[in-house]
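To keep things clear, I will list the structure first and then write my remarks on it.
Read-outs throughout are calculated quantities, based only on the coordinates presented, and are distinct from any laboratory measurement. Since the structure is predicted, the reported quantities are computational estimates derived from the model, not experimental observations. Ideal geometry is used to build each Cβ from the backbone, glycine not excepted, and the neighbour counts take in all protein chains shown.
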Amino acid sequence: MNAYTPSSCRAVVSRRGFLKQTSAVAAGAVAASRLPIARSAHAAGSNTIRVALIGCGGRGSGAALNALASKTNVKLVVMADAFRERLDGSLKQLASRFPQQVDVPEERKFDGLDGYQRAMDAGVDLVIDAAPPAFRPAHFEAAVKAGKHVFMEKPVATDAPGIRRIQASNEEAKKKGLVVGVGLHLRHEARFQEIVKRLHDGAIGAISLLRAYENVHATWTRPRQPGDTEMQYQVRNWWNFNWLSGDTIVQRGVHYLDVANWIMKSHPIRAQGMGGRRAGVDKDHGDIFDHHAVEFEYPDGARLFGWWREAPNTWTCFSHNVHGAKGRVEIQAFADGMLHVNGKPPQRFARQLGQDKPRAFSGWQAELDDLLAALMAGRPYNEADYGATSTMTSILGRMASYSGQVVEWDQAVNSNVNLVPDRLSWDAVPQPKPGPDGIYPCATPGVTKPC
């Protein structure tokens, strides 16, 4: 089903059932997985981890750079991207930085929408998947079937059927003892780890309110190229199409919602909110909203209020804020984390952790370091459970924003709305279609169904 209709929602999996599906690896699976992890990490008995990069844009190239810069013996040997020019540009950049660790000859370069499958078959140990999020469920499924360890960027899907597919593949990954990382890098930043630990230890008492802001001036667009099919254009301009990116609240907002879930040790039970798109957007802004304001309710009654906006000449802010009975915490991307306990001087976290200044993106390197260290040591390592839960949380928020309705967790997670076309090829026609003026219609709160 490819449209928002009332029949698309079925309450089949309960909240408790979802939590059970996304639970941590069982002790038996941990023990059984140790030997396969250690053995399959090494190509032909060597200490080299052979890596395939799938999705060679900025984030994919960055993740590959982080892997190559790690202290493990990593070699990039395969690259795949929907567009050959992007692959070649990424390869040039990476080879100039790590000439001894990059060996991608012509026969191990794969382009097109099916390039990922050929990359899996090219004798690699670890797949870094940073293709557009819509493709993540299929790519992860293929990697697990091929017995490959995986680092996949966030979000892990753009709709509820994609989340269920990720969960099913992850159960197989656990059985095979595969290492799986997800690009929710804030979990790997020292200041976030310390602050969350303090919160769990009761530093500000019972938490009643969380606030998240991600307000930016604008994001990128890519114009239609001469000769592009509709599918080629949308994949090239993927950020601006809901089926490909999940909209801003999913693509970017998942970081903030993941931190909230981490702090609350749970996911929301419902959400309500609003959003829209400012007048005067151009043809390349696709069908996504450029602002969302959503309230999420957690099981204990705590509320998270999240704001996301992309608009020029507006206030910018990247921050997490947590309020409790005894104080509050604020964490900004480019500033120290601050703990305010009632009646006491504020505590700064970046300096406490021995840093001269906060490192806003230190988690990008740490998340690859941690994954590769676990892989080499044969330690169980799997982040896909919380990756799926946090992505589903952001999808819940989008449903609330698009519809203007209160959306229950069980309603959202059981949605049968499949945004991704059944057939993925350059001549296939994706669901979003431009109007006579070239502008793509977007959701209409009060008309659009939640799921």
Beta bridges by DSSP in region 157-305, antiparallel share as percent, to the nearest 5: 75
Treating the beta-carbon of each Lys and Arg as +1 and of each Asp and Glu as -1, no other charges, what is the dipole magnitude of the chain about its Cα centre, to the nearest 20 debye? 1060
Starting from the Cα-Cα distance between Q332 and S208, subtract it from 0.36 nm times their residue separation and give me the gain in nm to one decimal. 42.7 nm
Note down the net charge around Q431, summing +1 for each Lys or Arg and -1 for each Asp or Glu among other residues with Cβ under 13 Å from its Cβ. -2
Just flag the trypsin sites (Lys or Arg not before Pro) in region 187-258 sitting in loop per DSSP whose Cβ has no more than 13 other Cβ atoms within 10 Å. none
The chain: antiparallel DSSP beta bridges as a percent of all, rounded to 5: 55
Mind checking the full-extension length gain between C317 and R84? Use 0.36 nm per residue of separation minus the Cα-Cα distance, one decimal, nm. 80.3 nm
Cα-Cα over 22 Å, subset of K145/K174; K197/K344; K109/K148; K145/K175; K75/K175; K154/K265: K75/K175
Just tell me the longest site-free run in the chain, where the sites are chymotrypsin sites (Phe, Trp or Tyr not before Pro) in a DSSP loop having at most 11 other beta-carbon atoms within 10 Å. 1-219
Quarter of the surface of the C-alpha convex hull for the chain, i.e. direction-averaged projected area in nm², equals 21.9
So what is the 222 nm mean residue ellipticity for the chain from helices alone, if each DSSP H run of at least 4 adds -39500 (n - 2.57) and you divide by all residues, rounding to the nearest 500 deg cm²/dmol? -10500 deg cm²/dmol
